[in-house]
Amino acid sequence: TLAPGASAAAQLQQTNAGNYGPECDQTEAVGLRVYPPNDTAWLTAPQDAIGCANDEIVLMTVGAFQPA
């Protein structure tokens, strides 16, 4: 739990879609869906990138939030 006005940060790791070959089925991405903690509505963070249409390939992981 954060106090009002406090902030938190989490480590984000992203892999290049080109590392996965044809099984990736590369596709253009224009943003990321970000789900705040304890919320079911997402925010959109703009990002021009190449992603994988194959949803079995995970290109991004987010670590645990820590007070910043």
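The values are calculated or read from the model by the stated rules, or taken from the named source; none is laboratory data. Just so we're clear, the structure is a prediction, and the values are computed from it rather than from any experiment. Glycine gets a Cβ as well: all are built from the backbone with ideal geometry, and neighbour counts include every protein chain shown. Accessible surface is based on the protein model in full, side chains and every heavy atom, while ligands, DNA and RNA are left aside. Shrake-Rupley method; radii C 1.70, N 1.55, O 1.52, S 1.80 Å.
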Out of 36, 22, sole residue that is free of Cβ contacts under 8 Å to residues at least 60 places away in the same chain and more than 30 Å from residue 1 (Cα to Cα): 22
Any hit, the stretch 36-52, residues being among the hydroxyl-bearing types (Ser, Thr, Tyr) and at pLDDT below 90: no
Conditions (1) at negative phi; (2) at pLDDT 90 or above; number of the one not met by residue 25: (1)
Members of the stretch 1-59 that are open to solvent by 60 Å² or more (accessible area, probe 1.4 Å), in contact with a strand residue (DSSP E or B) (Cβ under 9 Å, 6 or more places away or on another chain) and in a helix (DSSP H, G or I): 20, 23
Failed item, numbered, when residue 44 is tested on (1) within 11 Å of the chain's Cα centre (by Cα); (2) touching a residue at least 24 places away in the same chain (Cβ under 8 Å): (2)
